[in-house]
């Protein structure tokens, strides 16, 4: 399983880990509406299609590779589809910073957790 950890306590910048190996980093701007995702030596742009509205997009060299929608401004949940598969990034509780990336389950099947993030511990 993959996991994402904040770079520092109270940070919105993350590093992505597979075991103990860091393979990607996410640097979020101070306004949190855009940032950069670095995987190996490739730098992807992450942000909104339009200022304060629209889908969030992931692009490389000006080409949009993926997009995600936030169904409600009051929820910490994003929905996306990629290569015929549906995914949800959401918080399991209102009171924690943890986020979980899951496949959206078919009826009567349990969701598959693909990645988790947890706050840094001092």
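The values are calculated or read from the model by the stated rules, or taken from the named source; none is laboratory data. Predicted model, so just to flag it, every value in this text is computed and none were measured. We place every Cβ from the backbone using ideal geometry, glycine too, and count neighbours over all the protein chains shown.
Would you mind stating whether residue 18 is surrounded by fewer than 13 Cβ atoms within 10 Å (Cβ to Cβ) and in contact with a strand residue (DSSP E or B) (Cβ under 6 Å, 6 or more places away or on another chain)?
Yes.
Taking into account only those residues within segment 78-89 that are touching a strand residue (DSSP E or B) at 6+ places or on another chain (Cβ under 8 Å) and surrounded by fewer than 15 Cβ atoms within 10 Å (Cβ to Cβ), which is modelled with the highest pLDDT?
Checking each candidate, the answer is 86.
Return the total of residues in segment 24-64 being at pLDDT 85 or above, within 20 Å of residue 98 (Cα to Cα) and more than 13 Å from the chain's Cα centre (by Cα).
Going through segment 24-64 one residue at a time, the tally reaches 0.
The rows are residues; the columns are (1) farther than 20 Å from residue 7 by Cβ; (2) touching a helix residue (DSSP H, G or I) at 6+ places or on another chain (Cβ under 7 Å); (3) outside any strand (DSSP E or B).
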{"site": "24", "(1), (2), (3)": "no, no, no"}
{"site": "31", "(1), (2), (3)": "no, no, yes"}
{"site": "49", "(1), (2), (3)": "yes, no, no"}
{"site": "57", "(1), (2), (3)": "yes, no, no"}
{"site": "64", "(1), (2), (3)": "yes, no, no"}
{"site": "71", "(1), (2), (3)": "yes, no, yes"}
{"site": "79", "(1), (2), (3)": "yes, no, no"}
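Here are the criteria: (1) within 19 Å of residue 100 (Cβ to Cβ); (2) under 14 Å from the mean Cα position of the chain (by Cα). Tell me which single one residue 19 does not satisfy.
(2) is the only condition that residue 19 fails.
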